[in-house]
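Enquirer: Shown below is the structure under consideration.
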Amino acid sequence: MTTVVSDTGVGPLLRGWREQRRLSQLELALRADSSARHISFVETGRSRPSEEMVLRLAEHLEVPVRERNALLLAAGYAPRYAESPLDAPRLETLRAGIEQLLRGYEPYPALVVDGSYTVVAANRGIGLLLDGLPEHLLTPPLNAMRITLHPEGLAPRIRNLPEWRGHLLHQMERQIGLARSESLRALYTEVTAYPPPPGADDGDGAGAPGPEDVYPYFALPLRIEHDGRVLSFVSSISTFNTPLDVTVAELAIETFLPADPATVAYLQSLPPFSG
């Protein structure tokens, strides 16, 4: 993704973020230790905010790190946050830590995605679930949403596809509401247009798990067929606190925890991954 710089000044950008967050000028002023009058002057271009004020307002508006750079540029200041390639030397320690985390989670699946759900790292537990998918879906760069929801991807194997699809689309909708990402919006348009896989229900609730299916789980599970059995996982997503780099800010680590004893027993019975 790229940072889009507005030629209309920082005021309209800040107003847009404030309205998107559904805050009044007074509410924002109270949070940012300012005044509604000053916020109004900034938004209309009558007052040029300091660099510190831009960053303070961005913090209280929960503006993503990438877009904070855009606000600074629009206000006439230099970007504050670097955007390092993931293979940059300065991120070597981060990469090593992520790789250690992914390996340590095996045989359970875990992966790392960027802000557009491009897979930047994955362990061999994920490879186990992707076994047998068509080559065109596995050609880099892999996209986690595309692989999961494509009718030739994992979708035909997911036993509770309507519920899991709804969960993923809601997750994307929330991200689109937080970050103005054209690539994410384009991906959302693509995956929502996928036809259901052959034999799948149309998402109207038919085939949804009954009480006896849901009862054992403590969160919505991903129930996926693998090698003649159904494995169940619940997922957890982690991000980095107070990132100072755009690349790091947009990384998310998703781990899949077995949701029932049968899944634990099966994965623990597999031969240790070699290499």
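Enquirer: How much length is gained if the chain between L86 and L130 is pulled fully straight, taking 0.36 nm per residue apart and subtracting their Cα-Cα distance, in nm to one decimal?
Expert: Gain on extension, L86 to L130, equals 13.5 nm.
Enquirer: Which FRET efficiency, nearest 0.05, do S50 and L26 yield, Cβ-Cβ r, R0 22 Å?
Expert: 0.60
Enquirer: Right, here's the next one. Could you tell me how many degrees, from 0 to 90 and to the nearest 10, lie between the Cα long axis of helix 161-178 and the main elongation axis, the longest principal axis, of the Cα atoms of the chain?
Expert: With rounding to tens, the tilt is 20 degrees.
Enquirer: Calculated FRET efficiency, E225 and A186, Cβ-Cβ r, R0 25 Å, to nearest 0.05?
Expert: That gives a FRET efficiency of 0.25.
Enquirer: Further question: Using the Karplus curve 6.51 cos²θ - 1.76 cosθ + 1.60 with θ = phi - 60°, what ³J(HN,Hα) values do you get for each residue of the stretch 65-76, in whole Hz, with x for Gly and Pro?
Expert: These are the phi-based 3J(HN,Hα) values: 4, 4, 6, 5, 4, 5, 4, 5, 4, 5, 8, x Hz.
Enquirer: On to the next question. I'd like to compare 180-192, 117-129: which one has the highest average count of other Cβ atoms within 10 Å, and what's the full order after that?
Expert: 117-129, 180-192
Enquirer: How far is it, in nm, from the label point at Q268 to the one at A36 when both lie 7 Å from their Cα along the line to the Cβ?
Expert: Each label point is offset 7 Å from its Cα along the Cβ direction, giving 6.1 nm.
Enquirer: Please sort 224-230, 252-258 by packing, taking for each peptide the average over its residues of neighbouring beta carbons within 10 angstrom, highest first.
Expert: The densest-packed peptide leads the list: 252-258, 224-230.
Enquirer: Still on this structure, please answer the following. Among S84, S24, L267, whose Cα lies farthest out toward the positive end of the dipole of the chain, if unit charges sit on the beta carbon of Lys, Arg (+1) and Asp, Glu (-1)?
Expert: Farthest towards the positive end: S24.
Enquirer: Among residues other than R146 whose Cβ falls under 12 Å from its Cβ, what is the net charge (Lys/Arg +1, Asp/Glu -1)?
Expert: -2
Enquirer: Would you pull out the residues with amide H under 5 Å of A82's amide H, same chain only if 5 or more places away, H placed 1.01 Å from N?
Expert: Those qualifying (amide H under 5 Å, at least 5 residues apart or on another chain) are V246.
Enquirer: Can you tell me the order of 52-64, 233-245 when each peptide is scored by its average per-residue count of other Cβ atoms within 10 angstrom, highest first?
Expert: So the order, starting with the most tightly packed, is 52-64, 233-245.
Enquirer: May I pose another question? Counting each pair of different Cα atoms once, what's the Kirkwood radius of the chain in Å, rounded to one decimal?
Expert: 21.1
Enquirer: While we're on this one: Please give the length that would be gained between F240 and T93 if that part of the chain were fully extended, namely 0.36 nm times their separation in residues minus their C-alpha to C-alpha distance (nm, one decimal).
Expert: 51.5 nm
Enquirer: Could you check what % of the DSSP bridge pairs in the chain are antiparallel, to the nearest 5?
Expert: Of the beta bridges lying entirely in the chain, close to 95 percent run antiparallel.
Each value in this text was obtained by applying a stated rule to the coordinates, not by laboratory testing. Note that the coordinates shown come from a computational prediction; the quantities given were computed from them, not determined experimentally. Cβ coordinates were reconstructed from backbone atoms using ideal geometry, including for glycine residues, and neighbour counts include every protein chain displayed.
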